[in-house]
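Read-outs throughout are calculated quantities, based only on the coordinates presented, and are distinct from any laboratory measurement. Just so you know, these numbers come straight off a predicted model, no measurement behind them. Glycine also receives a Cβ, built like all others from the backbone with ideal geometry; neighbour counts cover every protein chain displayed.
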Amino acid sequence: MQHRGSTAEVTDALLAEKRPAVGGVPALAALKSTSRGTIVGRSPTICGALATLERVARSTCNVLITGESGTGKELAVAALHDASPRAKKPLVAVNCGAIPESLIESELFGHARGAFTGAHAARAGWLAKAEGGTLFLDEVGELPLSMQVKILRVLQQKEYSPVGDSHVHRSDVRIVAATNRDLLAQVAAGRFREDLYYRLNVVHVHLPPLRERPEDIEPLVRFFLRSFCDHLERRDLVGIAPEALEALKAYDWPGNIRTLENAIERAVLLSDGPLVEFEDLPPTVRGEGRLSQPPPPPVERPLPDTGIDLRGAIQEYENNMIRQALDRTKGNRNRAAQLLGLNRTTLVEMLKRKGL
Ligand SMILES: Nc1ncnc2c1ncn2[C@@H]1O[C@H](COP(=O)(O)OP(=O)(O)OP(=O)(O)O)[C@@H](O)[C@H]1O
Ligand SMILES: [Mg+2]
């Protein structure tokens, strides 16, 4: 992903967003450049998360990072590692959910020669590869209980043994864990060790989903646009049409920043220039296909023998859905309208009519 952070060949017009800085944060809002990409945003939550990471970087305390998929957990770990005294040592990222249970132990701790069939030579594990640096345990909630005990030993005693090797190896790594699950619920269900949970969770940094920090959408869009234009050598593409930007801001981004990034890459590829237009956006963002999935059937209520006031019941249902949509979007009518499959103007008119 080397397109990111390359500011050398910037399309001037994209950069030239001559608006005054908002609350002291420049419009482009590149907050931090890390070894794995640039962190962009201007919301208080993302600024706060970064500040926490930088504050705890000096120590070796364990950090737990939570957030939905695509919210930037890996970038956050890179920011922490880069700001720490371990920056020149390796940052090793391991996705605990992606490795079959039978292989995790030898992948993590390494193995001795002859430890199992096919182990022709001794092999170092991730822990050894991260020595002196940072080990990032992504999807930590997926670790089987048998491995959780062994990780706890590394955290408490700073030691481990490779598979088939009775020697005790010393380990100096900072462990950062991430999860998009509710670990406490896992603890309650007996699937995650409580002692390990508290060991990992000395400092907790939560990265909220993009729908809870819509003010980050525009700087992210401009940043991705600029980097994909550089990367794909689209010098003819100089910006984004207001209607397209509005649609991007109104969408609720269930896949978070990763999907936003993909949407911009796609738009840069499809666009005829000079601006990214509404038509260049993915159908989901344009609001198409949203209603093709029928909503779950409402609870089937028997029709009372005395009959019902059908129109009244429908009104009640309508009002309830509108209220929920507005609550969920914190009163943002654009996004509420999208959630309801309505035009903004239709929603505004309904609100007026209903006096909501
Ligand atoms: N604040 C941000 N600024 C710029 N790019 C970002 C930001 N947050 C995330 N990204 C980009 O979005 C993509 C997803 O980020 P990342 O891999 O860090 O998410 P994640 O939380 O680890 O997701 P998952 O849970 O799916 O592993 C990456 O390409 C990353 O560079
Ligand atoms: Mg990740």
Exposure proxy order (Cβ contacts within 10 Å, fewest to most) of Asp182, Asp327: Asp327, Asp182
Residue exposure sequence - Leu342, Leu270, Leu220 - by fewest surrounding Cβ within 10 Å: Leu270, Leu342, Leu220
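Multiply the residue separation of His120 and Lys330 by 0.36 nm, subtract the distance between their alpha-carbon atoms, and state the gained length in nm to one decimal. Working shown, then result.
Values: separation 210, 0.36 × 210 = 75.60 nm, distance 5.96 nm.
Length gained, His120 through Lys330: 69.6 nm.
Cβ under 14 Å from Leu80's Cβ, Leu80 left aside: what net charge do those residues give with Lys, Arg +1 and Asp, Glu -1? It would help to have the intermediate numbers written out before the result.
Working: positive: Lys32, Arg36, Arg55, Arg58, Lys73, Arg86, Lys89, Arg174; negative: Glu54, Glu74, Asp82, Asp138.
Taking every other residue near Leu80 into account, the sum is +4.
Any chance you could run the full-extension gain for Ser166 through Ala87? It's 0.36 nm times the residue separation minus the Cα-Cα distance, nm to one decimal.
Working: separation 79, 0.36 × 79 = 28.44 nm, distance 3.13 nm.
This chain segment gains 25.3 nm when fully extended.
Which of rounded, prolate or oblate describes the chain when judged by the alpha-carbon gyration tensor and an a/c cut-off of 1.5? Mind showing how you got there, number by number?
Details: a/c = 2.37, a/b = 1.46, b/c = 1.63.
Oblate.
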Over the range 310-354: Rg over Rh, Cα atoms, Kirkwood Rh: 0.96
In nm, spacing of pseudo-spin labels at Arg344 and His206 (7 Å Cα→C-beta vector): 2.9
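Rounded, prolate or oblate, given the Cα gyration tensor of the range 84-138, with a/c below 1.5 counting as rounded? Display every interim value, and only then the final one.
Details: a/c = 4.27, a/b = 1.62, b/c = 2.64.
It is oblate, given that a/c is not under 1.5 and a/b is not larger than b/c.
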Candidates Asp280, Asp230, Asp305, ranked by Gaussian network fluctuation over the chain, Cα under 10 Å, top entry: Asp305
Candidates Tyr317, Tyr198, Tyr160: whichever shows maximal mean-square fluctuation once the chain is modelled as a Gaussian network with Cα springs under 10 Å: Tyr317
Neighbour-count ranking [beta-carbon atoms within 10 angstrom, fewest first] of Thr134, Thr284, Thr346, Thr34: Thr346, Thr284, Thr34, Thr134
Label-point separation in nm, Lys352 to Ala241, each point 7 Å along Cα→Cβ: 2.7
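Suppose a student asked you for the relative contact order of the range 217-291, using Cα pairs under 8 Å spaced at least 6 residues apart; what percent would you report? Spell out each step's value before the answer.
Details: 79 pairs, mean separation 28.1, N = 75.
Relative CO of the range 217-291 lands at 37 percent.
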Computed magnitude of the charge dipole of the chain (debye, nearest 20; Cβ of K, R +1, Cβ of D, E -1): 1000
